[in-house]
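Comments concern the structure below.
The values are calculated or read from the model by the stated rules, or taken from the named source; none is laboratory data. None of these values were measured; they are calculated from a predicted model. Glycine also receives a Cβ, built like all others from the backbone with ideal geometry; neighbour counts cover every protein chain displayed.
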Amino acid sequence: MPTSMPMVETVVRSMARTAIDNEQHFCELDSVVGDGDFGYSLARGFEKVLEEFDTIDRTDIGTFLKKVGLIITSRCGGTSGPLWGTGFLRAGIKAGTRTELAAADAATMLQAAFDGIQKRGGAELGDKTLLDALAPLIARFEAGLADSADPYAAFAAAVEAADAAAVKTTELVARRGRAAYTGERSRGSPDAGAMAVALMARNVSTACQSAGAAESREKVS
């Protein structure tokens, strides 16, 4: 099922609302071993995205996502801005001048975002970062698409993988960011970034399924 600009907008809006609505929750998760400002930083960046949403350049999907990335980079504090902004920028670069995307394109863009974040932050899987939830999300999504599953079902299954992986970061010792300074004390609580990725993915899945169903009803009518 092709993804058009309206569906991409749905994805970005859902991510933004998740960041804003869960600001305190993400801060609380981060405060266990970090400085507790992750939720605040992420929310401020996505607030700016929604504030400027209607005026963001929609020449094509790539341009739109790159503009979103620039806003997040400039408005999120700490390391969140560069990392999350890079994710959007790399996804936008991969989308290029397309105005419609296939499900496989979405998976490729997610991988581009992962690669960009990993290179920018220098983290590896197992370092207790958002990558530990993003990698299983991408892998399961790609596997579902390879099985010729419905794209929505494939992504829903990917969400479950991301959820499980995010919770599993509880067992890890942080090796990146401020949390790395706490050593073994970082074991026993989940990574805030990984939990944010998992929750965003779940909400995106729900929003896209609703938007897709609405679009199908309009075509029938």
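Within the range 10-26, being part of a helix (DSSP H, G or I) and either of a type in the set (Ser, Thr, Tyr) or in contact (Cβ under 8 Å) with a residue 24 or more places away in the chain (or both) holds for Thr10, Val11, Val12, Arg13, Ser14, Met15, Ala16, Arg17, Thr18, Ala19, Ile20, Phe26.
Residues to consider are Asp132, Asp115, Asp57, Asp127; find the one that is over 23 Å from Ala165 (Cβ atoms) and of a type outside the set (Ser, Thr, Tyr). Walk me through it before giving the result.
Values: Asp132 fails: over 23 Å from Ala165 (Cβ atoms); Asp115 fails: over 23 Å from Ala165 (Cβ atoms); Asp127 fails: over 23 Å from Ala165 (Cβ atoms).
After applying the criteria, what remains is Asp57.
Could you list all residues from the range 172-202 that are polar (S, T, N, Q) and modelled with pLDDT of 85 or more?
Hit for the range 172-202 is Ser189, nothing else.
Looking across the range 61-80, the residues that are under 26 Å from Leu101 (Cα atoms) and either out of contact with any strand residue (DSSP E or B) (no Cβ under 9 Å at 6 or more places or on another chain) or assigned to a loop (DSSP other than H, G, I, E, B) (or both) come down to Gly62, Thr63, Phe64, Leu65, Lys66, Lys67, Val68, Gly69, Leu70, Ile71, Ile72, Thr73.
Looking across the range 33-91, just one residue is basic (Lys, Arg) and at pLDDT below 95, and that is Arg75. Out of Asp163, Asp105, Asp115, Asp132, one residue alone is surrounded by fewer than 16 Cβ atoms within 10 Å (Cβ to Cβ), in a helix (DSSP H, G or I) and in contact with a helix residue (DSSP H, G or I) (Cβ under 9 Å, 6 or more places away or on another chain). It is Asp115.
I need the full set of residues from the range 34-57 which are farther than 19 Å from Leu83 by Cα and outside any helix (DSSP H, G or I), in order please. Across the range 34-57, the qualifying residues are Glu52, Ile56, Asp57. Here Ala157 clears all of (1) of a type outside the set (Asp, Glu); (2) in a loop (DSSP other than H, G, I, E, B); (3) touching a Lys or Arg at 6+ places or on another chain (Cβ under 6 Å) except the condition numbered (2).
Residue-wise test of (1) touching a helix residue (DSSP H, G or I) at 6+ places or on another chain (Cβ under 6 Å); (2) over 21 Å from Ser205 (Cβ atoms); (3) surrounded by 16 or more Cβ atoms within 10 Å (Cβ to Cβ); (4) of a type in the set (S, T, N, Q).
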position	(1), (2), (3), (4)
Leu110	yes, no, yes, no
Gly126	no, yes, no, no
Phe141	yes, no, yes, no
Asp147	no, no, no, no
Phe155	yes, no, yes, no
Val159	yes, no, yes, no
Glu171	no, yes, no, no
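Would it be correct to say that Ala143 is of a type in the set (A, V, I, L, M, F, W, C), in contact with a Phe, Trp or Tyr (Cβ under 7 Å, 6 or more places away or on another chain) and either free of Cβ contacts under 8 Å to residues at least 60 places away in the same chain or in a helix (DSSP H, G or I) (or both)? When the stated conditions are applied, Ala143 does not pass them.
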